[in-house]
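Just below is one structure, and these are the notes that go with it.
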Amino acid sequence: MRAQIDITGRLIGAVVHLARQRAPRVVTSHPRSPSPRPIHSRTQILLFAAQSPLSSTESTSSVPMGKRAATVEHSTQSNYEAVTVTHADLDLVVDFSAKTISGTAQLKYEVKRSGCDALILDTRDLAIQEVSVDGAACQFTLASPHKALGSALSIPLPAGAGAGSQGSTRVRFATSPASTALQWLSPAQTAGGEHPYLFTQCQAIHARSLVPCQDTPGAKLTYAARVRVPEVMTALMSAVPVDEPGRTGQESGDGTRTFSFAQQVPIPSYLLALAVGQLESRELGPVSRVYSEPSMVAAGAYEFSETDAFLQAAASVAGPYVWGRYDLLLLPPSFPYGGMENPCLTFVTPTLLAGDRSLANVVAHEIAHSWTGNLVTNASWEHFWLNEGWTMWLERRILAKLYGEATYEFHASLGYLDLREAVETWGAGHDFTCLVPDLSGGIDPDDAFSTIPYEKGFYFLHYLQTLVGGPEVFEAFFKDYIKAFSFKTVTSDGFKAYFLDYFTDSTPGVGGIDWDLWFYQPGMPPNVNSYDASLAESAYALAQSWHTSDLMGLGTGSTAGPAKASTTDLDGWSASQKVAFLDKLGELRSMKPFTPATTRRMQELYHFDDSKNAELRRAWYSLCIKAGDLAILPQTLAFLSEQGRMKYLRPLYRALYAHPKSRQAALDTFAAHREMYHPIAAKMVATDLQMPAAV
């Protein structure tokens, strides 16, 4: 849904557009601190050129096909194409009592275009205290806050700075408690219950509320950091610790200790990450270990013991691993995603702790990002599928290397069900179901977030793989693609050009690819893939049996369900096959839900209520809620109260809200736990429940 823009937003957009062309030397000596904003407010307003009106609330694209693949970055106020920040030295102090981070950012830059007289950075809710350029204090301009993009910080360049010239600027700043990148947890919100906790989530455009930066995936930089924290805590970042192997930091003698980090591979700002808490670690392999609060570290070490095998399998497909370390941080339950691919330190949710490693494929996904996303990055958020579609493909190639091609095909078929559900949720004509959506006119990338770039992106890549000759041929292309674009960014047109140059029109079928249709047509993909369903056949057959046993949704008592249903139906099944069974049932019963008698009969036979697997719980609870099975309500509400992963929150809250018997329970549960959820998750669930996005 596109945000409404007021006239003030239009004027600010016009001013910033002009500043990008030639930043004025308007200065203020003491810019006012940013005004407070509600912590849950995440509505993003994007920039257009001054002469282009910010657009309406329509949900489908009016942009002609073939016109959106160019790099047009709507999500930044920085002039990153004119002046590029290449390195940041950060000196940070974490203050839990004030819920702020303060310090300095020393930024090295290079001028790319002559005629530019200012470096413009993105900030949001930052107090900018002083600025210097090449060691000399200077005045600066901090624009009035744009309600989504924040305040553009304009720093004058030295006179005569032309293309190719380099310099540095030092910015002293402090975050505010309203920072959208930071989640501060009280001791009660942690697993241990003794100490507070801090973690960041900068994707998509929240790094600007952590440090002044060029907050776009189109700009990459290296960084080094020193972070001072309370002495009982450990700091971790998306970088290699400098004080290895001890990793204990340096005591300061004032109740704090300082940790140092270095990231020598250029990264986009959204991969900047910091976590601070009472942490322990266990070694997983030569370059990997898992960190978490003490009470979860043993479970994490067991669950993620296959990490090295995943790394080796990924490298066999994608090429050398360039990041030095691959560590995992098992976060508190409020983390809104399954994982976040912060380089050197993947963040993962404790919902992966199934006790049987059945959800470890999420780690394979985040490992895959080490090449697709982190090393080769989408140039703007409209091309997000190049991060996530490729990562789904590489994740499934990793699983194929370890467990066989049938596993790749099985997970691909499950992904197709997820894709269909996402398209049905948005509506087949919605622009957010395009592979390359239109994010102009005030759209927040968070608002467009769904499985579409993941599964529609994968679907397209699998289609191309089949077209050119299968996995072996496509893996060779992929490895060359990674080499060509490593340390760079890429657009959909850039990918298309490389693909066509590699395979040429002489490859059968390549000349017939309708690229515009794939990129810009909303809804389901224009071509149909076929998958080996051998691992899914038994699950789908059993789902069909339950479905046909009660087509009208009238099942009652002990006769509900298939006549031959047995407690042995699921013997030998993996957790993924059980989820496939439930998801297929959800698809089959989308128009006519089961009765509570049928779901209770299923529970008597299969004991789904007892599962610790979060994926299975999500699928089972959803099926029961839609059936009006109130017996599942206490477990569902407990599940929503104990974790904050959006993949589970959003469909379950939507299901609860849609059924009149559970609607009030959904509203009450969200109201009681809203502050526990991450701001991104709280905003999205509030939208699902037709509540205000901020309180």
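The values are calculated or read from the model by the stated rules, or taken from the named source; none is laboratory data. What you are looking at is a predicted structure, and each value in this text was computed from that prediction instead of being measured. Backbone-built Cβ (ideal geometry, glycine too); neighbour counts: all protein chains shown.
Structure summary
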quantity: Within region 133-152, tally of residues that are modelled with pLDDT under 95, surrounded by fewer than 20 Cβ atoms within 10 Å (Cβ to Cβ) and in contact with a Gly (Cβ under 8 Å, 6 or more places away or on another chain); calculated: 1
quantity: Members of region 319-377 found to be acidic (Asp, Glu) and either out of contact with any Asp or Glu (no Cβ under 7 Å at 6 or more places or on another chain) or in a helix (DSSP H, G or I) (or both), listed by number; calculated: 327, 356, 366
quantity: Of all residues in region 657-691 being in contact with a Pro (Cβ under 6 Å, 6 or more places away or on another chain) and among the aliphatic types (A, V, I, L, M), the one that is farthest from residue 200 (Cα to Cα); calculated: 681
quantity: Filtered residues of region 487-511 (kept if in a loop (DSSP other than H, G, I, E, B) and crowded, with 17+ Cβ neighbours inside 10 Å); calculated: 491
quantity: Breaking point among (1) in contact (Cβ under 8 Å) with a residue 12 or more places away in the chain; (2) out of contact with any strand residue (DSSP E or B) (no Cβ under 9 Å at 6 or more places or on another chain), for residue 150; calculated: (2)
quantity: Pairs, first touching a residue at least 40 places away in the same chain (Cβ under 8 Å) and outside any loop (DSSP other than H, G, I, E, B) in region 418-435, second crowded, with 18+ Cβ neighbours inside 10 Å and basic (Lys, Arg), C-beta under 6 Å, six or more apart; calculated: 419/456
quantity: Among the residues listed as 582, 551, 588, the single one being touching a Lys or Arg at 6+ places or on another chain (Cβ under 8 Å) and of a type outside the set (Gly, Ala, Ser); calculated: 551
quantity: Some residue of region 424-434 being buried (at least 21 other Cβ atoms within 10 Å of the Cβ) and of a type in the set (Ser, Thr, Tyr); calculated: yes
quantity: For residue 114: the one exception among (1) outside any strand (DSSP E or B); (2) surrounded by 20 or more Cβ atoms within 10 Å (Cβ to Cβ); calculated: (2)
quantity: Matching option when the condition is touching a Ser or Thr at 6+ places or on another chain (Cβ under 8 Å), under 30 Å from residue 443 (Cβ atoms) and not small (Gly, Ala, Ser), among 92, 149; calculated: 149
quantity: Counted residues, region 269-292 - those being more than 19 Å from residue 228 (Cα to Cα) and in a loop (DSSP other than H, G, I, E, B); calculated: 2
quantity: Any hit, region 373-382, residues being surrounded by fewer than 24 Cβ atoms within 10 Å (Cβ to Cβ) and charged (D, E, K, R); calculated: no
